[in-house]
1. How many Å³ per residue does the convex hull of the Cα positions in the chain occupy?
2. State whether the range 1-134 is rounded, prolate or oblate according to the following rule on the C-alpha gyration tensor (a ≥ b ≥ c being the square roots of its eigenvalues): a/c under 1.5 gives rounded; otherwise a/b larger than b/c gives prolate, and the remaining case gives oblate.
3. What list of ³J(HN,Hα) values in whole Hz, one per residue of the range 8-13 in order, does the Karplus curve 6.51 cos²θ - 1.76 cosθ + 1.60 (θ = phi - 60°) give from phi, with Gly and Pro shown as x?
4. Taking square-rooted eigenvalues a ≥ b ≥ c of the alpha carbon gyration tensor, is the range 1-80 rounded, prolate or oblate, where a/c under 1.5 means rounded and, failing that, a/b exceeding b/c means prolate?
5. Add +1 for every Lys or Arg and -1 for every Asp or Glu among the other residues with Cβ under 9 Å from the Cβ of PRO75, and state the total.
6. Of SER105, PRO132, LEU79, whose Cα points farthest to the positive end of the dipole of the range 40-141 (charges on the beta-carbon: +1 Lys, Arg; -1 Asp, Glu; origin at the Cα centre)?
7. What residues have an amide H closer than 5 Å to that of ASP58, excluding those fewer than 5 places away on the same chain, when H is modeled at 1.01 Å from N in the peptide plane?
8. Is there a quick way to get the dipole size of the range 1-112? I mean about its Cα centre, with the Cβ of Lys and Arg at +1 and of Asp and Glu at -1; what is the value in debye to the nearest 20?
Amino acid sequence: MKILLIEDSPEIVKGVILTFKLRWSDAVIMSAENGADGIKKVEDDSPDIIILDINLPDISGFDVLEHIRQFSEVPVIILSARDQEIDKVRGLEMGADDYIVKPFSPSELLVRCQAVLRRTGTHSPGGSELHPIKAGNIYLNLNTNEFIVNDEKIHLTPNERRILYYLASNENKVVSQDAIKQYVWGNEAKYLDNTALKRYIYQLRLKLGDNANEPKLILNERGIGYRFVKPS
């Protein structure tokens with residue numbers, strides 16, 4: 001398990017490395033003290049999860065996240081002294097998987113890392129693989145990040161994959177918007193309104209070839225949530 005910590009504070013880096021080594025023996029911690037070096041390490045070393053500070057000395061952590069999302073879907077946890085809701089929403093909507101406000105406990109960070117890895121289908125201590133889903137002409141495997149429609153591989157963002165997986169796992173059942181957000185974003189779901197979820201559903205319908213005006217696969221149950229119907 002390779003963990004990349006992009007953080008310019010030596011004290012934070014030291015505390016995280018010490019805690020993780022004591023409590024997560026198979027974790028290998030890499031670090032970068034600025035955004036440019038962090039991006040290069042993501043490209044060169046392919047970490048399993050990234051812990052990303054927002055206030056870096058060269059470029060904003062938001063810019064780093066945006067750049068990473070152009071070529072990688074690796075899970076990202078944001079660290080920030082900014083506790084404003086607008087910053088949390090911005091980070092999560094840009095593709096971060098969790099948002100932790102400084103000061104924080106390294107032990108809490110470790111637990112949150114493991115929780116994100118479980119949610120995203122990546123291996124973590126005590127975790128298990130998620131079963132692939134086959135629904136008509138749709139195949140989704142979160143363990144290998146495969147999404148196939150009509151024998152054609154389609155690209156989904158990490159959050160799109162998790163939303164679809166949760167809906168398809170509850171085939172023909174109405175799933176509330178709050179339940180979907182909780183599954184995908186965990187404790188940070190409270191910072192996302194339903195408009196953000198609607199945008200993800202819209203993109204999913206496009207990629208599934210589902211008519212957004214008259215959907216047949218992801219149905220909207222007004223005022224409640226969504227229901228996935230297996231294609232015929």
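Taken together, the values in this text are just the output of simple stated rules run on the coordinates, not laboratory data. Since we're looking at a predicted model, the values are computed, not measured. Using ideal geometry, Cβ is built from the backbone for each residue, glycine included, and neighbour counts are taken over all protein chains shown.
1. Values: hull volume 27.4 nm³, N = 232.
For the chain, the hull spanned by Cα atoms encloses 118 Å³ per residue.
2. Working: a/c = 1.39, a/b = 1.17, b/c = 1.18.
Rounded, since a/c falls under 1.5.
3. 9, 8, x, 5, 5, 4
4. Numbers: a/c = 2.05, a/b = 1.30, b/c = 1.57.
Note, shape of the range 1-80 comes out oblate.
5. Taking every other residue near PRO75 into account, the sum is -3.
6. Towards the positive end, the residue furthest out is PRO132.
7. Amide H neighbours of ASP58, under 5 Å, 5+ apart: GLY35.
8. Roughly 340 debye for the range 1-112.
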